[in-house]
1. Sort 146-155, 223-232 for me by packing, meaning the mean count of neighbouring Cβ atoms within 10 Å per residue, highest on top.
2. Given a cut-off of 22 Å, name the pairs among Lys369/Lys476; Lys519/Lys570; Lys96/Lys162; Lys96/Lys174; Lys368/Lys457 whose C-alpha atoms lie farther apart than that in the structure shown.
3. If you fit an axis through the alpha-carbon atoms of helix 443-457 and take the longest principal axis of the Cα set of the chain, what angle between them do you get, 0 to 90°, nearest 10?
4. Over all Cα pairs of region 6-223, how is the pair count split among 5 Å bins, expressed in % and running from 0 up to the last occupied bin?
5. Please compute the alpha carbon radius of gyration of region 318-417, then divide it by the globular-protein estimate 2.2 N^0.38 Å. Two decimals is fine.
6. Return the percentage of antiparallel bridges among DSSP beta bridges fully within the chain, rounded to the nearest 5 %.
7. Quick one: plug the Kirkwood hydrodynamic radius of region 228-478 (C-alpha pairs) into Stokes-Einstein at 37 °C, 0.692 mPa s, and report D in µm²/s.
8. Based on other C-beta atoms within 10 Å, arrange Thr299, Thr433, Thr477, Thr422 from fewest to most.
Amino acid sequence: VNNSKEQKTVLSGTYRNQTIDVTNQPGLGKLTVSTVSTHPIDGQKPGTSGLRKKTKVFMENNYLNNFVQSTFDALPAKDLIGGTLVVSGDGRYFNKEAIQIIIKMAVASGVDRIWVGQNGLLSTPAISAVIREREGGAVAFGAFILTASHNPGGIHEDFGIKYNCENGGPAPEKVTDEIYHNTKAITSYKIAHDFPHVDVTRVGATAVKSDDGSRTVVVEVFDAAEDHVDLLKTIFDFKAIKSLISREDFSFVYDCMSGVQGPYARRVFIEELGAPESSLINAVPLEDFGGHHADPNLTYATELTHIMGVDAKGMPIHGQSHKVPSFGAACDGDADRNMILGSRFFVTPSDSLAVIAANANVIPFFRKKGGLRGVARSMPTSGAVDLVAKKLGISLFEVPTGWKFFGNLMDSKEVYGKEDYTPFICGEESFGTGSNHIREKDGMWAVLSWLSILAAKNTPGQPLVGVEDIVVNHWKTYGRNYYCRYDYEGVDKVAAEKMMAAMASAKKAGETLNGFTVKFNDEFTYHDPVDGSISRNQGIRFIFTDGSRIIFRLSGTGVAGATIRMYIEKYEPATGNLAQSAAEALRPLIDAGLALSALQSYTGRSEPTVIT
Ligand code: G6P
Ligand code: ZN
């Protein structure tokens, strides 16, 4: 519903104090710019990963238009004018309409080339690859990614938009702060109403010329998978993976959860690696993700966990009538997250990161320049990868939650190396893993990393070495960081904030709970070693004398109410008891966390919504 006043004009002569000559002319025809008046809308502050709201909110009252204009207004005119912009999304409801609006607004802001994945689909990692690699790289100045990641899609569910910069990574805080600032002051947006509707179903270029011939805008629709798959082929040894997949005793299932990954998975696994069709499930993108929560974890990826013989606590299910595959994986709606499973075996994201780091040298990308140079994890992620970094003698960084914090490290030569090519792996407990091949986490990369490790550990003619063997051997070398996360979703926001504030001011050092003595407690503050910026209030930590940790955070990606996350970690040395279930090993510590936070009395919740 657009009830705002509208005046047809050509773009006026100045834009953020710079003169624009391209559009300030009569006779622009289809490229004529309208200036539409609008009003600031509350709450357009981008969260951990862009702006997410109910789909209907995005569809009404210029909500999308305001945010897009505020983003353009935060970018330097030299990038925008005559520049190339990428626009695509994870295929959720309103994706297609939003793309057409953004194309028209980009044209009005001076963008001359717009790149769109076929059917408007590009996964988050693929967008990062397109920005960095397409046409030799450094062509596009940025991208709008239309996704709310793993949040459900549909007219009654969630929509989202996120801006990524020319390095291929999420916009840093100084940019998102400026976007937010602009949303609070916006009075109008610019749009080229008469720009034709672009058929995104067909690969090809549409060129639109102004009547006076002074300007041409080109929209290119391209195969969504090509750039990303080409890049992956330079990273991994596809031949080695292909021979693993062809083993008679090896089988795998990849659950694309009806998100954007389907077409990529088909290209990689069926066309390139020769896997049977039956190895992919939910591989057709749907606007509502089939009504599911497209989040690869033990609570939501239950079709896969059932096939793999793993229960909701990550424990084995025995006695199922079907044959359990050797390897299983799932990804989220926009395909940046991943979950890894073996036969009746769940790999925690923190362990997955550590195992990939420890075995990175089986992957050509890392082997090429003398091996892995550094690793990074988010603060709540377990310290399993720290032990690998120590053993390998490589740098380790601990950053706040949010992939954008890794980007600075990856782009910096000073921090961990002087060369342009700096093999680097990052990961988060929230099912995100990736490397510096792009500036987003990459679900496909994680799966291909695991298949590479499996390929390297197996010898033709010998019995299959599986995921569980690899992880258990890892524990026998480094010890095991028992880990789990409790989520309390849809909690009253005021209550959640009160609980956090009480913990932030509590002094617990020296107190003993269930046999665990608090060494110190604090709020995590990050000092970015690259640009010197400081990020405060990044989670409450209780660190115990034996190295165990309990961490509390409020989610930055929720849409309604607050989500409290409690992260629990306990280290067991290699000589200790490695064979417990996480639930039993962590029980006393979980109880300590519930006591420290008084969670139940603040929130009224006695059970978490999700355990991962
Ligand atoms: C997104 C980001 C991740 C981050 C996660 C945290 O997925 O891309 O980098 O770890 O959100 O979400 P939370 O809900 O815990 O703020
Ligand atoms: Zn995602």
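1. 146-155, 223-232
2. Check vs 22 Å cut-off fails for Lys369/Lys476; Lys96/Lys174.
3. 40 degrees
4. Using 5 Å bins, I get a P(r) of 1, 7, 16, 21, 22, 18, 11, 4, 1, 0 for region 6-223.
5. Cα-based Rg divided by the globular estimate yields 1.26.
6. Just about 70 percent of them are antiparallel.
7. 181 µm²/s
8. Taking fewest neighbouring Cβ atoms as first place, the list is Thr477, Thr299, Thr422, Thr433.
Readers should treat all values here as calculations from the given coordinates under stated rules, not as data from a laboratory. Bear in mind that the values here come from a model prediction, so they are computed numbers and not experimental data. All Cβ positions, even for glycine, are placed from backbone atoms using ideal geometry, and neighbour counts span all protein chains on display.
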